[in-house]
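Undergrad: Quick one: the structure is below, questions incoming.
Just so it is clear, none of the values below were taken in a lab; they were calculated from the coordinates. Just so it is clear, the model here is predicted, and its values are computed rather than measured. Cβ atoms come from the backbone with ideal geometry, glycine included; neighbour counts cover every protein chain shown.
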Amino acid sequence: MGSLLIMGVMMGVMGVVGLGSLWKSRQAPAKAPSFAVSPVGGRRLEVTPSTPRAVVGGKIFFFEDEEQQRAFVLDPDRILGARENK
């Protein structure tokens, strides 16, 4: 019976350690850059906590306003393709 208790405690500790690593993987992403270039308007802008943004293909894009953000989210391939062709 004692060995079952010890085994149960060890499994509980292992579970807590496992949850700790899960929690770390869900922490906030790295700090945003101070400045970025809007893929829609091409202007350099200062990034603040309220700057509109979208994540596409694992990359964060920042925008001058919510209208640019919506346009980008609706068709990012068209906007990124147009930017590459300049």
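Undergrad: On full extension of the chain, what length is gained from VAL47 through ASP77, given 0.36 nm per residue of separation minus the C-alpha to C-alpha distance?
TA: Full extension from VAL47 to ASP77 adds 8.5 nm.
Undergrad: Moving on to the next point. Would you mind putting 42-53, 61-72 in packing order, based on average other-beta-carbon counts within 10 Å, highest first?
TA: Top to bottom by mean Cβ count within 10 Å: 61-72, 42-53.
Undergrad: Where the Cα atoms of the stretch 35-84 are projected onto their three principal axes, how long is each span, largest first, in whole Å?
TA: Principal extents (largest minus smallest coordinate, Cα): 26, 20, 17 Å.
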